[in-house]
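Here is the structure we will look at, set down as structure tokens.
The values are calculated or read from the model by the stated rules, or taken from the named source; none is laboratory data. Fair warning: this is a prediction, and the values are worked out from it, not measured in the lab. Reconstructed Cβ throughout: ideal geometry from the backbone, glycine too, with neighbour counts over all protein chains shown.
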Amino acid sequence: MSGRHRSAAPGRGGGLVRRLVPPVLALAAAVALFPGGGTLAAWTDRASVAAEGMSTGRLDLAVDGAGGLDTTHARPDLALQGMVPGESSAATVVVANTGDADLRWSAGVTTDGGLGPALEVELWLGGRAGPDDTTYPRTESCTGGVRLAPGEAVRTDRGASRDLCVRVSLPVATDDAFQGRTTGSVSLRLDAMQVTTP
Amino acid sequence: MTRAPHVVALVALAVWLGQVDGTSAAFTDRAVVTSGTHTSGSMAAPAVPTVTQVRGSGATRVAWTASAVGDHGATATSYEVQRYDAATGATPTAVCSVTADPGATLACEDGTRPSGTRHYAVRARFGASWRAESSRRAFAADLTGPDVTVTQPENGYRGSAADLRRALDRGCGADALGCGSAADPAGVEAVRWVLELRPSAGNRALRCWDGASFVVAGASGCADRAAATSAVSGGLRWRIPGAANEVYRDRGTYTVTVTARDVFANPTTVTSAVTVN
């Protein structure tokens with residue numbers, strides 16, 4: 001008996017395990033293969049939020065209050081007629097950031113015309129032009145500020161402005177060949193770019 | 001180990017990308033400021049200078065007026081006088097320069113006294129390089145001295161002292177050691193004389209008439225003395241005052257040297273030698 005008993009008990013328990021193993025594995029595989037559960041049968045909903053009135057900002061470098069994209073501003077008071085060596089003119093232009101973002105700008109100068117190669121231009125950031133000189137020889141200059149190198153970047157935050165004194169001179173050493181020139185001009189180009197990093 | 005360079009490069013790229021502004025996405029704007037028209041003035045050519053000769057020194061004086069620069073009343077800051085050997089072309093010689101300070105006299109002198117015709121121009125300057133030159137003025141300086149004659153003692157006379165004194169009396173009047181004339185188109189400024197005696201006997205040293213007596217000449221010869229002059233038509237008469245009977249007495253050779261200068265200091269020298277035996 002005991003022998004059967006001893007032999008019958010293990011034989012009865014091991015058969016149950018063997019019978020349960022396949023369905024458990026099948027269920028586990030099903031769970032693994034379909035982790036979302038029974039979504040095909042779930043209810044769904046969606047909500048939308050509409051943003052109204054969105055627009056882009058603008059970058060605007062204004063000169064003497066004249067803004068707008070890629071504008072040209074005339075300052076005829078920078079010009080002198082009948083210049084002789086040693087004479088100069090100066091004027092203050094106000095460079096303002098009237099746009100929606102901080103910016104950096106840099107200045108480039110070009111001179112043209114028959115007298116252009118002889119003209120010398122200085123830019124003084126933060127400088128102010130002195131009063132008009134109507135006695136001859138006419139010598140106008142910039143007071144204060146720091147000399148601005150060509151291409152040097154100047155940061156001007158939104159709403160801020162900087163004075164820029166422009167001095168145009170005919171140097172004392174101007175060559176004899178530049179007597180009697182009837183054309184000559186100076187063009188100051190200010191290129192601004194949005195500041196995208198703090 | 002072989003992956004290290006790639007890793008480093010990727011890290012560097014990432015760092016670089018992180019630092020650079022997103023410029024491709026930044027807004028830009030441009031403003032241009034224009035000046036209007038600049039023009040330059042020019043220098044007017046100076047007026048042709050006036051050229052004269054300076055009385056006394058005989059130097060050539062060049063004078064001119066201020067030269068305008070531009071249209072606003074400026075004038076040249078300095079001037080140079082150029083001398084040419086020809087009316088056109090030729091290489092100039094700088095004679096002098098003048099800085100046009102307020103009140104400065106716009107003139108200068110060429111003291112070289114060149115012979116022949118020369119051509120003078122004024123070159124105005126302004127600044128370091130601007131210049132304009134006038135047309136040229138031809139000028140020939142007077143470099144010729146006066147015409148001088150010696151009436152008495154007549155050059156080459158040989159004879160007695162008495163005859164010489166009589167000739168002097170006839171030609172020059174009483175109490176004269178010599179006389180003659182001097183003439184110059186520009187005018188005679190002065191006549192000076194020297195009277196020497198070279199005795200023919202005894203002490204034969206050269207002697208000079210000092211107005212009172214003959215004295216042995218020094219190392220530099222005899223000092224000249226001013227002659228008395230009086231104006232006559234076309235020039236001057238000159239006269240050496242003195243008592244002829246006291247001067248022309250000893251035997252020997254008497255030499256009168258007369259030098260006349262015109263107003264431009266051009267000299268003419270003549271001599272007249274007579275022998276008393």
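Return a yes/no flag: does segment A:153-170 have any residue that is hydrophobic (A, V, I, L, M, F, W, C), within 14 Å of another protein chain (Cβ to nearest Cβ) and over 30 Å from A:ALA101 (Cβ atoms). Yes; the residues of segment A:153-170 include at least one that is hydrophobic (A, V, I, L, M, F, W, C), within 14 Å of another protein chain (Cβ to nearest Cβ) and over 30 Å from A:ALA101 (Cβ atoms). Candidates are the residues of segment B:133-159 that are touching a helix residue (DSSP H, G or I) at 6+ places or on another chain (Cβ under 8 Å) and crowded, with 19+ Cβ neighbours inside 10 Å; the one that is nearest to the other protein chains (Cβ to nearest Cβ) is B:THR151.
Per the conditions (1) closer than 19 Å to B:ALA74 by Cβ; (2) more than 12 Å from chain B (Cβ to nearest Cβ), the sole criterion not satisfied by A:GLY86 is (2).
Results for (1) touching a Phe, Trp or Tyr at 6+ places or on another chain (Cβ under 6 Å); (2) of a type in the set (A, V, I, L, M); (3) at pLDDT 60 or above; (4) part of a loop (DSSP other than H, G, I, E, B), shown as yes or no for each residue.
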{"site": "A:ALA28", "(1), (2), (3), (4)": "no, yes, no, no"}
{"site": "A:LEU59", "(1), (2), (3), (4)": "yes, yes, yes, yes"}
{"site": "A:ALA101", "(1), (2), (3), (4)": "no, yes, yes, yes"}
{"site": "A:VAL109", "(1), (2), (3), (4)": "no, yes, yes, no"}
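In summary, B:GLY56 fulfils each of the numbered conditions (1) farther than 27 Å from A:PRO117 by Cβ; (2) touching an Asp or Glu at 6+ places or on another chain (Cβ under 9 Å); (3) outside any loop (DSSP other than H, G, I, E, B) with the single exception of condition (3). Of all residues in segment A:149-172, none that is under 20 Å from A:ASP60 (Cα atoms) and without any contact (Cβ under 8 Å) to a residue 12 or more places away in the chain has its Cβ atom under 8 Å from the Cβ atom of a residue that is surrounded by 16 or more Cβ atoms within 10 Å (Cβ to Cβ) and among the hydrophobic types (A, V, I, L, M, F, W, C), 6 or more apart or on another chain. Among residues of segment B:34-52 being more than 10 Å from A:GLN81 (Cα to Cα) and in a strand (DSSP E or B), the one that is farthest from the other protein chains (Cβ to nearest Cβ) is B:THR52.
Screening segment B:184-212 for residues that are under 18 Å from B:THR253 (Cβ atoms) and among the small types (Gly, Ala, Ser) and picking the one that is nearest to the chain's Cα centre (by Cα) gives B:ALA205. Does at least one position in segment B:70-81 carry a residue that is surrounded by fewer than 17 Cβ atoms within 10 Å (Cβ to Cβ) and farther than 26 Å from B:HIS38 by Cβ? No, there is no match, as no residue in segment B:70-81 is surrounded by fewer than 17 Cβ atoms within 10 Å (Cβ to Cβ) and farther than 26 Å from B:HIS38 by Cβ. Checked against the criterion of being within 12 Å of chain B (Cβ to nearest Cβ), loosely packed, with under 14 Cβ neighbours inside 10 Å and hydroxyl-bearing (Ser, Thr, Tyr), segment A:92-106 contains not a single residue that satisfies it.
Conditions (1) under 21 Å from the mean Cα position of the chain (by Cα); (2) part of a loop (DSSP other than H, G, I, E, B); (3) aliphatic (A, V, I, L, M); (4) modelled with pLDDT of 95 or more, marked per residue:
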{"residue": "A:VAL121", "(1), (2), (3), (4)": "no, no, yes, yes"}
{"residue": "A:THR134", "(1), (2), (3), (4)": "no, yes, no, no"}
{"residue": "A:PRO137", "(1), (2), (3), (4)": "no, yes, no, no"}
{"residue": "A:ARG155", "(1), (2), (3), (4)": "yes, no, no, yes"}
{"residue": "A:ARG162", "(1), (2), (3), (4)": "yes, no, no, yes"}
{"residue": "A:CYS165", "(1), (2), (3), (4)": "no, no, no, yes"}
{"residue": "A:PRO171", "(1), (2), (3), (4)": "no, yes, no, yes"}
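Every residue, every condition in (1) in a strand (DSSP E or B); (2) out of contact with any helix residue (DSSP H, G or I) (no Cβ under 9 Å at 6 or more places or on another chain); (3) surrounded by fewer than 16 Cβ atoms within 10 Å (Cβ to Cβ); (4) not assigned by TED's automatic domain parsing to the domain that holds B:ALA244, yes or no:
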{"residue": "B:HIS119", "(1), (2), (3), (4)": "yes, yes, no, yes"}
{"residue": "B:ARG131", "(1), (2), (3), (4)": "yes, no, no, yes"}
{"residue": "B:ASP163", "(1), (2), (3), (4)": "no, yes, yes, no"}
{"residue": "B:ALA174", "(1), (2), (3), (4)": "no, no, yes, no"}
{"residue": "B:LEU177", "(1), (2), (3), (4)": "yes, no, no, no"}
{"residue": "B:VAL191", "(1), (2), (3), (4)": "yes, yes, no, no"}
{"residue": "B:LEU197", "(1), (2), (3), (4)": "yes, no, no, no"}
{"residue": "B:CYS208", "(1), (2), (3), (4)": "yes, yes, no, no"}
